[in-house]
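Notes to accompany the following structure.
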Amino acid sequence: MPCNVIITASESPEGGLAALTERLKQEGLQVNRVFRYGVITGTIPAGRLADFQAMKDVAQVQQEPTFQLAPPESFIQ
Amino acid sequence: MQGPDFSHRALPVDELSLLNESEQGAAKRAALPDRPQYTGRYFAVLRQKPSAGSLNRLFEHQAGLRLASTSDFPGSVTEVERADIDALYYERLGVVLLAGQAGQARLLAEATNQVILQPERIFYVPGAAGEPLPEPLVIPATWGLTATGAAASALTGKGVRVAVLDTGFDAGHADFAGRHLVSKSFVPGEPTTQDYHGHGTHCIGTACGRHHGPRTRYGVAGESEIYVGKIFGRGGASAGGWLLDAIDWAVANQCRVISLSLGAPVLPHQGIDRYYELAGQDALAHNCIIVAAAGNDSSRRDDVIAPVSSPANCASILAVAAVDAQYGVADFSGAAINPHQLIDIAAPGVGVYSSWVSAPDQPAYRTISGTSMATPHVAGVLALLWEKFPNFTAAEIVAELRRLARPLPHLLTSDVGAGLVQAP
């Protein structure tokens, strides 16, 4: 089951953000978006989170968080 | 001598009636629709209470005017109308009404300096001749707009782009007709930005709503430009990646404020989500300020106090706590439990009335609570600040926001930050 992730790059990745994105793609990341401030969103194969976390210039790999609103009839929103 | 005339025939203005008129009065009179302003009669206002007999001496012997007093006619006005008199003395008021016209007034003016002459004005009911009714002086507003001073502010957020990333917006809501509105959906498979929940419409109402007629005003920045980013799908769920996309869109569209009435619960000792911090820093660098809800996971009456939610817990994002109308912290409002994950400011978040998703031609409203409701108050105030200081940096706007906030000394900084948000 593929996993949506948010990857945070280190401060100054070697070769820049574009180079890091390439390396991540080679490793199996399906890129969704690259944000100029050093964040990449995409999808990785199941069970491979630790592999990506261990990569050079990757500060953090996190499973994409979700938000859930209270139902419309709730008094506290 | 002309007979008594206590009728109400309208007569043209003559020179004497302009005696006491001020410049302002003259300008206003010139602006009025063309209709008679004076009856032609005069009031003689007595400078001091007359001694017994002195009034008779003045009017009858000196000015030759037959004088009677209202106390002589305990019955009806018609008695007065039939009486053979030139002047009627209203004893309790110290005023004499001269029945004749300028001629009689001139006689009196020549006889004494003990009276002030004023022409008798004609009053009209406003709106009777088709001119617009005056605006009510007191416009009812929600307690939140009053407590933040937004109701009294002359600023409207005009020209400021405010993005609200939420469940979308009920663009058909009657209160928003004619508003500048840009919408985009970031929910895969749901291209419409129509609000199916209500949350987004409520938050946009608080931040950007405008006053309409006699209805209670509920919006802070009524002339702001509304950017709707739909990030919640029909089931009320969103994902971090959609939020990042929407933030990027708002920044790219020169929005000055992004309002996030959302949050993921954070545990004690848990760190921040760095990617939100980076997104927040990027926004600030582009003169865009992100505000987010501090979270509703506390239950203070049970001694449960939850840390500030993500993304509000990031330093580059303003975390907004909720207070109630008695300036107490809302039972559910999050607090600065984790180091560096602070509450920045507080805003009205209990019993907040605003727009809700409506049926066509039937605008709806709802009163709900949450740090979700507090957040758009701050977003709206930021829009007012951006309108007031268009050349400030984001950091300067935030500094001013903090400076203006009303301290709540009976409450903790960890609960309310700088205090209750105040509009410029």
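When the residues of segment B:264-300 are filtered to those that are under 31 Å from the mean Cα position of the chain (by Cα) and under 30 Å from A:Phe75 (Cα atoms), which remaining residue is surrounded by the most Cβ atoms within 10 Å (Cβ to Cβ)? So the residue we want is B:Ala294.
Residues to consider are A:Val61, A:Val39; find the one that is modelled with pLDDT of 95 or more, under 16 Å from B:Ala239 (Cα atoms), crowded, with 18+ Cβ neighbours inside 10 Å and more than 7 Å from every other protein chain (Cβ to nearest Cβ). Write out each step before concluding.
Values: A:Val39 fails: more than 7 Å from every other protein chain (Cβ to nearest Cβ).
Just a single option satisfies the conditions, and that option is A:Val61.
Segment B:221-305 holds strands (runs of 3 or more DSSP E) entirely within its bounds, and those carrying 3 or more residues that are closer than 20 Å to B:Gly157 by Cα and more than 14 Å from chain A (Cβ to nearest Cβ) map to B:225-230.
For segment B:211-220, a tally of residues being in contact with a His (Cβ under 8 Å, 6 or more places away or on another chain) and part of a loop (DSSP other than H, G, I, E, B) returns 2.
Answer with yes or no whether B:Ile317 is in contact with a helix residue (DSSP H, G or I) (Cβ under 9 Å, 6 or more places away or on another chain), surrounded by fewer than 23 Cβ atoms within 10 Å (Cβ to Cβ) and hydrophobic (A, V, I, L, M, F, W, C). Working first, answer last.
Numbers: in contact with a helix residue (DSSP H, G or I) (Cβ under 9 Å, 6 or more places away or on another chain): yes; surrounded by fewer than 23 Cβ atoms within 10 Å (Cβ to Cβ): no; hydrophobic (A, V, I, L, M, F, W, C): yes.
So B:Ile317 fails the test.
Selection within segment B:390-424: residues that are within 22 Å of the chain's Cα centre (by Cα) and assigned to a helix (DSSP H, G or I). The member of this set that is surrounded by the fewest Cβ atoms within 10 Å (Cβ to Cβ) is B:Glu400.
Filtering segment B:170-210 down to residues that are part of a helix (DSSP H, G or I) and among the hydrophobic types (A, V, I, L, M, F, W, C), which residue is nearest to B:Gly222 (Cα to Cα)? Write out each step before concluding.
Of all residues in segment B:170-210, those part of a helix (DSSP H, G or I) come to B:174-176, B:199-208.
Narrowing further to those that are among the hydrophobic types (A, V, I, L, M, F, W, C): B:174, B:176, B:203-204, B:207-208.
Values: B:Ala174: 14, B:Phe176: 10, B:Cys203: 13, B:Ile204: 10, B:Ala207: 8, B:Cys208: 5 Å.
Here the residue is B:Cys208.
Looking at this structure, is B:Ala239 more than 32 Å from the chain's Cα centre (by Cα) and under 17 Å from B:Gly295 (Cβ atoms)? Break it down stepwise before answering.
Values: more than 32 Å from the chain's Cα centre (by Cα): yes; under 17 Å from B:Gly295 (Cβ atoms): no.
Against the criterion (more than 32 Å from the chain's Cα centre (by Cα) and under 17 Å from B:Gly295 (Cβ atoms)), B:Ala239 does not qualify.
Checked against the criterion of being farther than 20 Å from B:Gly370 by Cα and under 15 Å from the mean Cα position of the chain (by Cα), the candidates B:Ala154, B:Ala171 yield just one match: B:Ala154. Scanning segment B:144-166 for residues that are more than 16 Å from B:Gly209 (Cβ to Cβ) and surrounded by 24 or more Cβ atoms within 10 Å (Cβ to Cβ) yields a count of 1.
If you go through segment A:10-30 and keep only what is assigned to a strand (DSSP E or B) and either more than 13 Å from chain B (Cβ to nearest Cβ) or under 9 Å from the mean Cα position of the chain (by Cα) (or both), you end up with nothing. The criterion of being modelled with pLDDT of 95 or more, in contact with a His (Cβ under 8 Å, 6 or more places away or on another chain) and closer than 25 Å to B:Ala306 by Cα does not hold for B:Ser238. I'm checking my understanding of the structure. Among residues of segment B:108-127 that are out of contact with any helix residue (DSSP H, G or I) (no Cβ under 6 Å at 6 or more places or on another chain) and either in a helix (DSSP H, G or I) or surrounded by fewer than 10 Cβ atoms within 10 Å (Cβ to Cβ) (or both), which one is modelled with the lowest pLDDT? Residue satisfying both the conditions and the ranking: B:Val125.
The values are calculated or read from the model by the stated rules, or taken from the named source; none is laboratory data. This one's a predicted model, so the numbers in the text were calculated from it and none came from an experiment. Every residue, glycine among them, receives a Cβ derived from its backbone with ideal geometry; neighbour counts consider all protein chains shown.
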